Amino acid sequence: MKSLINIIKYCIAAVVFTTSAFAQLYSSADLDKNYDMVLKNPGVQIESTEAINLLYNFRFDEADTEFRWLKYRYPKHPMPHFLMGLSEWWKIVPNTDNEAYDKAFLAQMDSTINLAEKLYEDEKNKIEPAFFLAAAYAFKGRLYAERESWTKAAFAGKKSLKYFEICKGNGDLSPELLFGDGLYNYYAEWVPKEYPILRPILALFPKGNKKLGEQQLEKVGNNAFYTRVEARYFLLQIYSMENEYGKAYEMAKYMWQTYPNNPYFERYFCRTAFVTGKAAEAEKAAQNILDKIEKNMPGYEGVSGRNAAYVLAYYNMQYHRNYELASQYYQKAIDFSVQTKSLNAGYYVSSLIGLGKIAEMKKNYDEALRYYKLADDKADKKSSQDKEAKKAIENLKKLKREERRRR
C-alpha cells in the first residue's frame, strides 16, 4: 500500500511540479530595469550561482543570509520569500516524513504568493509574477502530496497549472518548460504499467512516452539553468527504476562531487556505487555518511544512515569476513530503520537476515531463528526477502532436527 501511495505522489508531482523548479532564480542581483523580466537578466544567473550552490550544499545559514539581504532590498518582491521557502524545502528532502519544516516552508510560499499576486495585478507584464505563482503553488502541492492531503494537493496543482499556462507562451523560457513535459511523459506511461489499478484514472489524461520523457529530462539536465539540478534529482530516480544503474552512478557521482555535503546526492552515490560493484567508493561513501551523522551535519540522519550502515555490514560480512563488525553495522541499520519508522523497508529486513546468518554460523540457532522469523514477519509477502527468510527458517529447522538425531 505504501508503494502505491508513493506512485500516486509521483503522479501528482509530475503535474504540480511542472514549474516548481524555477528555484534558482535570484541571489543578490540588481533588478535591472533594462530587462522586461528579471528571469531574462543574465546578471541574475551569474550573481545567483554562489547563493544557490550554498543552498544545494546544505549550507543553509550562509544562503539564508543572502536571501534575507534580498528581502531587505526588495521588500515588495516575491523572490526573497521564494528562495527562503526553497531552503526549507531542501531541509525536507533527505527525509520527507519529517514534518518539522512544513510550517516555515508553507509560510514562505504563502508570502511569495501574496506578493506575486500584487505584482500580477499591478504590472503590465504578467509573465514574471506568474512564474512565482506557478512555482509557489507547485511546491505547496508537492508537499501536500507527500502528506497525502490529496484535496489540498489537487487545488494547489490546479492553481499552479493556471499560471503555468500564462508563462508557457514565452519562448525564451522553453528549455526550462521542457522539465514539466519530461516529467509528465515519463510517469504518465510508467505508472499505469506498474500499477494497473490506476489505469482508469490516468485514461483521462494524455498518453505519456517514457523514453521521450527521459530524453527531455536529460536535455534539461544538460542545458537548462533554472531547472538543471531538479531535473537531475528526478533522473537519479528514473535511472534506478529503469535499471540504468551505470547512468545513475555517473550522475550521482557528479552531483555529489558538485555538492559534497548534500545528503540526498551522497546517499544516491553510495547506493549506486554499491549496486554497480564499486566497492571501494561505496564503502568510503557509507563511512562518510555515518561520520557526518555523528557530527550532526545538516540533513544527515536516519534515512541515509540505514543505507550506509547496511552497505558497510554487507562488505564486512561478504568480503572482509569480519562478522563482529558486520553484526554491529547490521544492528545500526536496524536502529536507523526503527528511528525512521521504516520497519518494512528492505534495509531493515535484509539486516535481520544478515544477523540471522551470522548467528547461525556461530551455531546460535535459537537467536538465528528469532531473526529469521522477524524478517519473515516484516518482509513484503512473496518478495525475494520473504522467500529468503522462509527458506532460512526451513533450512534451520531441518538442521536442528538433524543435530537432534545425531545426539
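Only one entry of 282, 231 meets the criterion of being among the hydrophobic types (A, V, I, L, M, F, W, C) and either touching a Lys or Arg at 6+ places or on another chain (Cβ under 7 Å) or over 25 Å from residue 52 (Cβ atoms) (or both), and that entry is 282. Screening the range 226-259 for residues that are outside any helix (DSSP H, G or I) and in contact (Cβ under 8 Å) with a residue 12 or more places away in the chain and picking the one that is nearest to residue 79 (Cα to Cα) gives 226.
For (1) part of a helix (DSSP H, G or I); (2) modelled with pLDDT of 95 or more, each residue gets a yes or a no:
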site: 356; (1), (2): yes, yes
site: 376; (1), (2): yes, no
site: 382; (1), (2): no, no
site: 385; (1), (2): yes, no
site: 398; (1), (2): yes, no
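Put simply, of 303, 311 the only residue that is surrounded by 23 or more Cβ atoms within 10 Å (Cβ to Cβ) and within 30 Å of residue 62 (Cα to Cα) is 303. Of all residue pairs spaced 6 or more apart or on separate chains, those with beta-carbon atoms under 6 Å, a first member in the range 132-152 that is farther than 14 Å from residue 164 by Cβ and free of Cβ contacts under 8 Å to residues at least 24 places away in the same chain and a second member that is of a type outside the set (D, E, K, R) and surrounded by fewer than 24 Cβ atoms within 10 Å (Cβ to Cβ) are 152/144.
The values are calculated or read from the model by the stated rules, or taken from the named source; none is laboratory data. It should be emphasised that the depicted structure is a prediction, and the values quoted were computed from it without experimental measurement. Glycine also receives a Cβ, built like all others from the backbone with ideal geometry; neighbour counts cover every protein chain displayed.
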